[in-house]
1. From Trp166, Trp174, which residue is within 18 Å of Lys42 (Cβ to Cβ), within 21 Å of the chain's Cα centre (by Cα) and either modelled with pLDDT under 80 or not assigned by TED's automatic domain parsing to the domain that holds Asp89 (or both)?
2. Which of (1) farther than 23 Å from Lys40 by Cα; (2) not in a loop (DSSP other than H, G, I, E, B) does Ala102 not meet, given it meets every other one?
3. Write out, first by first residue and then by second, each pair whose Cβ atoms fall under 8 Å of each other, whose residues are 6+ apart or on separate chains, and whose first residue, in the range 134-155, is closer than 22 Å to Val95 by Cβ while the second is assigned to a helix (DSSP H, G or I) and of a type in the set (Val, Ile, Thr).
4. Scan the range 1-17 for residues that are among the small types (Gly, Ala, Ser) and in a loop (DSSP other than H, G, I, E, B) and jot them down.
5. Specify the residue that is surrounded by the most Cβ atoms within 10 Å (Cβ to Cβ); the eligible residues are those in the range 100-118 that are closer than 16 Å to Ala27 by Cα and either modelled with pLDDT of 95 or more or out of contact with any strand residue (DSSP E or B) (no Cβ under 8 Å at 6 or more places or on another chain) (or both).
6. Residues in the range 1-13: is at least one more than 18 Å from Trp174 (Cα to Cα), surrounded by fewer than 21 Cβ atoms within 10 Å (Cβ to Cβ), of a type outside the set (Phe, Trp, Tyr) and touching a residue at least 60 places away in the same chain (Cβ under 8 Å)?
7. Any residue at all in the range 78-88 that's closer than 21 Å to Val31 by Cβ, modelled with pLDDT of 95 or more and touching a Cys at 6+ places or on another chain (Cβ under 8 Å)?
8. Checking the conditions here, which among Ala26, Ala53 is free of Cβ contacts under 8 Å to residues at least 24 places away in the same chain and farther than 24 Å from Lys168 by Cβ?
Amino acid sequence: MTGMTAWVGLKRIANLSSGKTVFVSAASGAVGSMVAQIAKAKGHTVIGTAGGADKIAFLKEIGVDHAIDYKVEKDLTAALAKAAPGGIDVYFDNVGGDHLVAALNAAKPFARFALCGAISMYNATEMPAGPNNLMQMVGKQLRMEGFIVSSSWDMMPAFHRDLAQWVKEGKVTWKETVFEGIEKAPDAFIGLFTGGNLGKMLVKLS
């Protein structure tokens, strides 16, 4: 499911073509890490964000060209501009909030945004006002589209063919964070919102 989500977002929504710069938020997560690796497997430059030294190390391990620790960087827009001085062609959004603001600022004309999630806002007690720079979509002629993978099951056979080849070639790997026992399910769920997972969050029942 997570790999398919990454593949659909890049191929169908972002319409990824050759030689692009791809920015992915929460790049050490289940979906984000697949986005990063698929983009690298297809020869693109990848910029990813994650929180903490272990996650940044993982991003470097899977070939991310520029890994940004959002827990260290005080100005995400400046950090992204430094990593991509020429701008970004694609943004795969798992986070929303400041990440989306930074991506809008860094976007090249005609860039494409695939909106998969906005985890920075799921736990908000008040609905944030939203990005204050959305008008850049007009001047830069950007395309922003949200999507749900279940609307793209027709792409499953092609995804399986590509993924099998990438795994065979050693271009794709994955991480899992596993909690033991059903009683740990609440901890696992809360961990999703606090950045407590590296890769897919799982609960092992027995």
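The values are calculated or read from the model by the stated rules, or taken from the named source; none is laboratory data. Note that the structure is predicted; figures quoted are calculated from it, not measured. Here Cβ is always computed from backbone atoms with ideal geometry, including for glycine, and neighbour counts include all displayed protein chains.
1. On the way: Trp166 fails: either modelled with pLDDT under 80 or not assigned by TED's automatic domain parsing to the domain that holds Asp89 (or both).
That would be Trp174, the only listed residue that is within 18 Å of Lys42 (Cβ to Cβ), within 21 Å of the chain's Cα centre (by Cα) and either modelled with pLDDT under 80 or not assigned by TED's automatic domain parsing to the domain that holds Asp89 (or both).
2. Single failed check for Ala102: (1).
3. Pairs that qualify, where the first residue is closer than 22 Å to Val95 by Cβ and the partner is assigned to a helix (DSSP H, G or I) and of a type in the set (Val, Ile, Thr), are Glu145/Ile13; Phe147/Val8; Phe147/Ile13; Val149/Thr5; Val149/Val8; Ser152/Val8.
4. Within the range 1-17, Ala14, Ser17 qualify.
5. At the first step, the residues of the range 100-118 found to be closer than 16 Å to Ala27 by Cα are 100, 102-103, 113-118.
So of that shortlist, the ones also either modelled with pLDDT of 95 or more or out of contact with any strand residue (DSSP E or B) (no Cβ under 8 Å at 6 or more places or on another chain) (or both) come out as 100, 102-103, 113-115.
Working: Leu100: 23, Ala102: 27, Ala103: 30, Phe113: 23, Ala114: 28, Leu115: 17.
Looking at residues that are closer than 16 Å to Ala27 by Cα and either modelled with pLDDT of 95 or more or out of contact with any strand residue (DSSP E or B) (no Cβ under 8 Å at 6 or more places or on another chain) (or both), I get Ala103.
6. So far as the range 1-13 goes, yes, one or more of its residues are more than 18 Å from Trp174 (Cα to Cα), surrounded by fewer than 21 Cβ atoms within 10 Å (Cβ to Cβ), of a type outside the set (Phe, Trp, Tyr) and touching a residue at least 60 places away in the same chain (Cβ under 8 Å).
7. No, there is no match, as no residue in the range 78-88 is closer than 21 Å to Val31 by Cβ, modelled with pLDDT of 95 or more and touching a Cys at 6+ places or on another chain (Cβ under 8 Å).
8. Values: Ala26 fails: free of Cβ contacts under 8 Å to residues at least 24 places away in the same chain.
Step by step, each of Ala26, Ala53 is checked, and only Ala53 is free of Cβ contacts under 8 Å to residues at least 24 places away in the same chain and farther than 24 Å from Lys168 by Cβ.
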